[in-house]
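Asker: Attaching a single structure in structure tokens format; questions to follow.
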2 protein chains.
Amino acid sequence: MNTPVDSVGIVAPDVFRHEAPFELQCGTVLEHFELIYETYGALNATRSNAVLICHALSGNHHAAGYTHVDDRKPGWWDSCIGPGKAIDTDQFYVISANNLGGCHGSTGPLSLNPTTGKPYGADFPTVVVKDWVDSQALLADALGIQKFAAIIGGSLGGMQAMQWAMSYPERVHAAVVIAAAAKLSAQNIAFNEIARQAITADTNFADGSYASADISPDKGLGLARMIGHVTYLSDDGMHEKFGRELKSGDLDSGAGVEFQVESYLRHQGQAFAQRFDANTYILMTKALDFFDPARENDNDLVHTFAPAQAKFLILSFTTDWRFSVARSKEIVDALITARKNVASAIITSDHGHDSFLIPLPRYTEILRAYLGRVLDDLDILPI
Amino acid sequence: MNTPVDSVGIVAPDVFRHEAPFELQCGTVLEHFELIYETYGALNATRSNAVLICHALSGNHHAAGYTHVDDRKPGWWDSCIGPGKAIDTDQFYVISANNLGGCHGSTGPLSLNPTTGKPYGADFPTVVVKDWVDSQALLADALGIQKFAAIIGGSLGGMQAMQWAMSYPERVHAAVVIAAAAKLSAQNIAFNEIARQAITADTNFADGSYASADISPDKGLGLARMIGHVTYLSDDGMHEKFGRELKSGDLDSGAGVEFQVESYLRHQGQAFAQRFDANTYILMTKALDFFDPARENDNDLVHTFAPAQAKFLILSFTTDWRFSVARSKEIVDALITARKNVASAIITSDHGHDSFLIPLPRYTEILRAYLGRVLDDLDILPI
């Protein structure tokens with residue numbers, strides 16, 4: 001097929017291999033690690049037009065374009081990344097890496113543990129948001145990028161964008177933080193914990209060593225996904241999409257009843273279990289739970305943001321109840337009080353937390369306009 | 001121990017046995033059935049002071065009082081039922097039965113299937129809200145109660161109170177419908193379906209025949225309970241109760257981290273699995289999903305309520321997002337349009353859907369005042 005004209009086209013990943021020891025926040029040292037990544041667009045001569053995309057819980061490096069000519073489904077944020085799109089690859093050099101601990105090519109639980117010669121499985125060390133940012137900084141070094149024009153992420157990706165601004169103030173011009181939070185609530189942690197328990201309760205989890213045993217906790221991982229998925233949608237959005245429509249059965253007698261939403265969820269769970277790794281799911285949800293940068297500053301978020309030099313764009317969505325508008329307001333308020341350059345918008349949407357993946361017109365226009373200002377700030381000319 | 005002065009004291013259940021065939025909405029005929037029930041207070045000479053309490057998903061007949069002298073935990077609605085309490089057993093004769101399909105003494109999946117001589121398990125027929133109401137009506141007949149002064153229920157219990165008013169208009173003076181809905185939303189069905197899948201995914205579920213095999217799907221049922229429990233609480237309530245408090249571990253390194261909310265949830269899940277039956281959980285959640293009385297009236301709720309003669313009290317709670325204020329407003333609006341006698345209140349509470357079990361002062365005072373009017377309506381004098 002021909003890829004659409006506003007697509008980055010057929011893409012192939014690269015692998016960055018860091019050959020030196022890398023100490024994680026938990027104290028464990030990885031003797032080396034690999035990050036798989038994709039790039040879209042071209043780096044300009046002054047190396048000023050690089051944009052880093054940080055992915056969320058179930059994302060990966062394949063953010064835009066198609067992997068082969070018969071590929072019918074583009075990368076997860078193809079709606080926003082491409083020539084002429086909000087994150088315009090005619091202007092920006094866009095980098096998207098699979099996080100450390102991921103399951104799509106970066107070093108993670110499916111990688112061979114050099115000590116045992118078997119997959120790490122549950123023995124892969126705990127990774128936190130800071131570790132991801134540090135490893136991404138090493139990737140940036142390797143690519144010769146001293147400073148990003150923008151670092152952009154939704155949900156867990158937004159946490160990375162914030163952490164970048166704090167860990168590497170001089171390396172971030174703009175941080176775009178979408179549908180994120182400065183820390184998870186007890187409710188959020190609870191949903192993540194139930195998802196983890198669904199995985200570990202599956203007898204095929206085998207204490208996390210399923211890969212070595214060539215089995216797979218598909219039911220548990222499917223359940224985890226279903227729990228996540230329902231909470232990433234909104235009640236209104238689900239009503240619009242499914243209502244109480246039946247797939248089969250008779251509601252009056254109760255015989256053989258299956259609601260459309262039930263069959264949809266089952267499909268979502270099964271499909272996810274095919275493409276994702278259970279240990280990575282556990283690792284990623286823990287990184288979400290543990291993120292709490294203000295904690296080491298007496299829970300003072302204003303003080304926590306003090307080192308940041310970036311300008312910030314904070315976006316949230318009206319029906320997002322996992323990472324609600326109120327959580328984004330906390331970030332905005334702290335940034336204002338810390339006297340940072342901050343813009344923000346609350347986007348009306350029926351799509352709950354998943355809104356950040358959906359090309360809602362106001363959302364993409366705000367992104368486009370903001371990144372236009374970034375181009376102006378940095379005197380970036382079209383390549 | 002001495003039970004508190006405002007307690008109904010030590011209680012013992014009775015069993016009602018219906019010896020005639022009973023046809024369920026699904027068409028299956030039970031040759032006979034039993035309902036276990038408790039009563040508190042005394043029936044007056046005119047038999048006009050009976051109140052029926054309808055329980056929710058995980059409730060049972062033991063609504064008030066203590067089962068033995070060393071019992072430290074009273075029945076599930078002891079805060080509202082007792083001498084001088086909102087549902088005053090000095091005035092009312094209160095009846096609380098375990099629903100058909102339950103697991104605490106009424107005929108249900110744990111009962112012996114007369115055809116096989118083994119527990120019904122998953123072969124127990126589908127039961128819907130109408131069946132419960134019909135079986136409760138037979139219990140009322142047996143107790144010589146022609147008309148209830150009030151039928152009161154929260155959540156799934158509220159659905160029964162509504163169904164009573166429609167199925168037996170002449171037998172209900174007042175219907176008190178608390179934290180309920182005229183039908184579940186897609187989101188609600190989704191959470192119930194995930195809970196069911198958590199149960200059936202447990203290898204110990206054994207297609208529902210675990211009781212015959214003397215095993216028990218405790219992990220799956222525990223997960224189902226955790227999913228339900230989190231959704232019955234509110235984000236604010238969980239923040240108040242747990243915040244991000246740690247039970248163990250170090251958040252910066254991520255080593256051995258356990259949040260308080262995680263250990264709490266695990267305990268809730270484990271405790272529930274000890275006291276509840278998985279097939280009953282599946283059956284009860286399906287009854288919730290299937291309830292949709294307007295469906296057979298072209299989705300016209302006003303027309304659906306037309307036969308009702310009862311007066312209604314509809315209560316909802318601000319932070320309840322499973323059975324939200326909006327769902328109760330739909331009921332109130334339909335009742336007003338149907339020209340019924342309806343009072344309603346929205347109670348401010350941090351406790352989410354669980355609020356209906358909690359003795360919030362405004363809530364209990366409204367219940368007390370409304371039932372006081374019922375006493376006046378019916379010229380009920382203290383016994």
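Asker: Quick one: in the stretch A:210-245, which of the residues that are among the acidic types (Asp, Glu) and in a loop (DSSP other than H, G, I, E, B) is farthest from the other protein chains (Cβ to nearest Cβ)?
Answerer: A:Asp214
Asker: Does B:Gln146 satisfy being polar (S, T, N, Q) and surrounded by fewer than 22 Cβ atoms within 10 Å (Cβ to Cβ)?
Answerer: Against the criterion (polar (S, T, N, Q) and surrounded by fewer than 22 Cβ atoms within 10 Å (Cβ to Cβ)), B:Gln146 qualifies.
Asker: Same structure again: So, in the stretch B:121-150, how many residues would count as being aliphatic (A, V, I, L, M), outside any loop (DSSP other than H, G, I, E, B) and in contact (Cβ under 8 Å) with a residue 60 or more places away in the chain?
Answerer: The qualifying residues number 8.
Asker: Just one of (1) within 14 Å of another protein chain (Cβ to nearest Cβ); (2) more than 15 Å from the chain's Cα centre (by Cα); (3) of a type outside the set (Asp, Glu) trips up A:Asn113, so point out which.
Answerer: If we test A:Asn113 against (1) within 14 Å of another protein chain (Cβ to nearest Cβ); (2) more than 15 Å from the chain's Cα centre (by Cα); (3) of a type outside the set (Asp, Glu), just (1) comes out false.
Asker: The conditions are (1) of a type in the set (D, E, K, R); (2) part of a loop (DSSP other than H, G, I, E, B); (3) free of Cβ contacts under 8 Å to residues at least 60 places away in the same chain, and A:Asp350 fails exactly one of them. Which is it?
Answerer: (3)
Asker: Suppose the filter is touching a His at 6+ places or on another chain (Cβ under 8 Å) and in the same structural domain as A:Cys26 (by TED's automatic domain parsing); does A:Ala175 pass it?
Answerer: Spelling it out, it is not the case that A:Ala175 is touching a His at 6+ places or on another chain (Cβ under 8 Å) and in the same structural domain as A:Cys26 (by TED's automatic domain parsing).
Asker: Looking at (1) assigned to a helix (DSSP H, G or I); (2) farther than 19 Å from A:Leu35 by Cα; (3) touching a Gly at 6+ places or on another chain (Cβ under 6 Å), which is the one condition that is false for A:Ala161?
Answerer: The one condition A:Ala161 does not meet is (2).
Asker: Oh, and also: Give me a count of the residues in the stretch A:80-98 that are touching a Leu at 6+ places or on another chain (Cβ under 8 Å) and part of a loop (DSSP other than H, G, I, E, B).
Answerer: Residues flagged as touching a Leu at 6+ places or on another chain (Cβ under 8 Å) and part of a loop (DSSP other than H, G, I, E, B) within the stretch A:80-98 amount to 5.
Asker: State all residues of the stretch B:200-226 that are hydrophobic (A, V, I, L, M, F, W, C) and either modelled with pLDDT under 95 or touching a Lys or Arg at 6+ places or on another chain (Cβ under 9 Å) (or both); if no residue qualifies, say none.
Answerer: Within the stretch B:200-226, B:Ala201, B:Ala211, B:Ala213, B:Ala224, B:Met226 qualify.
Asker: Which condition number does A:Val15 fail, the rest of (1) more than 22 Å from the chain's Cα centre (by Cα); (2) away from chain B (no Cβ under 14 Å) being met?
Answerer: Failing condition for A:Val15: (1).
Here's the yes/no breakdown for (1) within 30 Å of B:Leu251 (Cα to Cα); (2) at pLDDT 95 or above; (3) crowded, with 19+ Cβ neighbours inside 10 Å:
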{"position": "A:Gly228", "(1), (2), (3)": "yes, yes, yes"}
{"position": "A:Glu240", "(1), (2), (3)": "no, no, no"}
{"position": "A:Gly243", "(1), (2), (3)": "no, no, no"}
{"position": "A:Gly256", "(1), (2), (3)": "no, no, no"}
{"position": "A:Gln270", "(1), (2), (3)": "no, yes, no"}
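Asker: Go through the stretch A:328-383 and give me each residue that's crowded, with 16+ Cβ neighbours inside 10 Å and among the hydroxyl-bearing types (Ser, Thr, Tyr).
Answerer: A:Ser328, A:Ser344, A:Ser349, A:Ser355, A:Tyr363, A:Thr364, A:Tyr370
Asker: Out of the residues in the stretch B:18-49 meeting the condition of being more than 21 Å from the chain's Cα centre (by Cα) and among the hydroxyl-bearing types (Ser, Thr, Tyr), tell me which one is surrounded by the fewest Cβ atoms within 10 Å (Cβ to Cβ).
Answerer: Across the stretch B:18-49, the extreme among qualifying residues is B:Thr46.
Asker: Please indicate, with yes or no, whether at least one residue in the stretch B:296-306 is under 16 Å from the mean Cα position of the chain (by Cα), assigned to a helix (DSSP H, G or I) and of a type outside the set (Asp, Glu).
Answerer: No, that holds for no residue.
Asker: Within the stretch A:307-324, how many residues are within 14 Å of chain B (Cβ to nearest Cβ) and under 18 Å from the mean Cα position of the chain (by Cα)?
Answerer: 5
Asker: Has the stretch A:182-193 got at least one residue that is away from every other protein chain (no Cβ under 14 Å), under 25 Å from A:Asp300 (Cβ atoms), outside any strand (DSSP E or B) and modelled with pLDDT of 95 or more?
Answerer: Checked the stretch A:182-193: no residue is away from every other protein chain (no Cβ under 14 Å), under 25 Å from A:Asp300 (Cβ atoms), outside any strand (DSSP E or B) and modelled with pLDDT of 95 or more.
Asker: Counting just the residues of the stretch B:3-31 that are modelled with pLDDT under 95 and among the hydrophobic types (A, V, I, L, M, F, W, C), which one comes out farthest from B:Leu139 (Cα to Cα)?
Answerer: If we take residues in the stretch B:3-31 being modelled with pLDDT under 95 and among the hydrophobic types (A, V, I, L, M, F, W, C), then B:Val5 is farthest from B:Leu139 (Cα to Cα).
Asker: Please determine whether any residue of the stretch A:306-319 is among the hydrophobic types (A, V, I, L, M, F, W, C), buried (at least 17 other Cβ atoms within 10 Å of the Cβ) and within 30 Å of A:Leu221 (Cβ to Cβ).
Answerer: yes
Asker: Pick from the stretch A:246-279 the residues that are in contact (Cβ under 8 Å) with a residue 24 or more places away in the chain and of a type in the set (A, V, I, L, M): which of them is nearest to the other protein chains (Cβ to nearest Cβ)?
Answerer: A:Leu265
The values are calculated or read from the model by the stated rules, or taken from the named source; none is laboratory data. Model, not experiment: these values are computed from the prediction. Because the Cβ atoms are built from the backbone with ideal geometry, glycine has one as well, and the counts that use them run over all protein chains shown.
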